[in-house]
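Below: the structure, in structure tokens.
The values are calculated or read from the model by the stated rules, or taken from the named source; none is laboratory data. For clarity, every value in this text was computed on a predicted model and none was experimentally measured. Note: ideal-geometry Cβ built from the backbone for every residue, glycine included; neighbour counts use all protein chains shown. Quick note on the areas: whole protein, heavy atoms, side chains included, nothing else; ligands and nucleic acids left out. Shrake-Rupley method; radii C 1.70, N 1.55, O 1.52, S 1.80 Å.
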Amino acid sequence: MFGRVKKWFGIEGTKIRLHVLPSYPRNVKTINGEIEIYSKRPERVLAIKLKFIEVYTRGRGEDKRIDEFLLGTWEYNKPIEVSDGNPHMLFFKLEFDPVESAMDKRAGKGPLLRGVVNMMKSMKGVQSDYRIEAEAIVEDNTWNPLAKARILFD
């Protein structure tokens, strides 16, 4: 009975880790990495889903607004058997389409405009944070394991 309770809560079950570079050049359109899948007991992973998300923040105080944009997704839909001492590594290539604001488009027209736009963004509290979220769909599990990794752009 205790084993079923641990399985229901995901204790000693399947876990995942993301292995990606911490920063990328601004002009990149693909993020490559690996997903490590491991477990203390034999389990079957039915699918892996990745999402690349931009958290766009602007404003300050009560006027602060936050939006999330889904920039890209990646899925692996073949079953994977994992067990104790036998981790599985899965390579991924996540393609995405960046969302550019009107200010970003103007900044791309030259170095002088880039400096002015960056100053205006700083004054208005504009900031973008990026993250990758990985979810493993595990057979007969109530809670699916999740992993997140923050991505920085130079």
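Restricting to strands (runs of 3 or more DSSP E) lying wholly in region 34-110: which have 3 or more residues that are open to solvent by less than 70 Å² (accessible area, probe 1.4 Å) and either among the basic types (Lys, Arg) or farther than 17 Å from Asn144 by Cβ (or both)?
Working: elements: 43-58, 65-76, 80-82, 88-95.
Answer list for region 34-110: 43-58, 65-76.
Would you be able to say whether some residue in region 1-15 is at pLDDT 85 or above and under 13 Å from the mean Cα position of the chain (by Cα)? Spell out how you get there, then give the answer.
Taking region 1-15 first, the residues at pLDDT 85 or above are 14-15.
Add one more test, that the residue is under 13 Å from the mean Cα position of the chain (by Cα), and what stays is none.
No; the residues of region 1-15 include none that is at pLDDT 85 or above and under 13 Å from the mean Cα position of the chain (by Cα).
A quick yes/no check of all residues on (1) within 12 Å of the chain's Cα centre (by Cα); (2) more than 28 Å from Leu152 (Cβ to Cβ):
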| residue | (1), (2) |
| --- | --- |
| His19 | yes, no |
| Ile35 | yes, no |
| Ile48 | no, no |
| Tyr56 | no, no |
| Leu71 | yes, no |
| Lys78 | no, yes |
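Is it true that some residue in region 140-154 is of a type outside the set (S, T, N, Q) and over 25 Å from the mean Cα position of the chain (by Cα)?
Keep residues of region 140-154 that are of a type outside the set (S, T, N, Q), which gives 140, 143, 145-154.
From what is left, the residues that are over 25 Å from the mean Cα position of the chain (by Cα) are none.
The answer is no, given that none of the residues of region 140-154 is of a type outside the set (S, T, N, Q) and over 25 Å from the mean Cα position of the chain (by Cα).
Restricting attention to region 43-84, which residues are out of contact with any Phe, Trp or Tyr (no Cβ under 6 Å at 6 or more places or on another chain), touching a residue at least 40 places away in the same chain (Cβ under 8 Å) and charged (D, E, K, R)?
Glu43, Arg44, Lys49, Lys51, Arg58, Arg60, Lys64, Asp84 - these are the residues of region 43-84 that are out of contact with any Phe, Trp or Tyr (no Cβ under 6 Å at 6 or more places or on another chain), touching a residue at least 40 places away in the same chain (Cβ under 8 Å) and charged (D, E, K, R).
Out of region 131-145, which residues are farther than 16 Å from Gly33 by Cα and either aromatic (Phe, Trp, Tyr) or open to solvent by 40 Å² or more (accessible area, probe 1.4 Å) (or both)?
Ile137, Glu139, Asp140, Thr142, Trp143, Asn144
Only one of (1) touching a strand residue (DSSP E or B) at 6+ places or on another chain (Cβ under 6 Å); (2) more than 20 Å from Ser23 (Cα to Cα) is not met by Asp140, so which one is it?
Status for Asp140: all satisfied but (1).
For residues in region 21-33 being over 12 Å from the mean Cα position of the chain (by Cα) and of a type outside the set (A, V, I, L, M, F, W, C), which is most open to solvent (accessible area, probe 1.4 Å)?
Once the filter is applied, the top-ranked residue is Arg26.
Do we find a residue being in contact with a strand residue (DSSP E or B) (Cβ under 7 Å, 6 or more places away or on another chain), at pLDDT 90 or above and closer than 27 Å to Lys40 by Cβ anywhere in region 92-102?
Yes - at least one qualifying residue is present in region 92-102.
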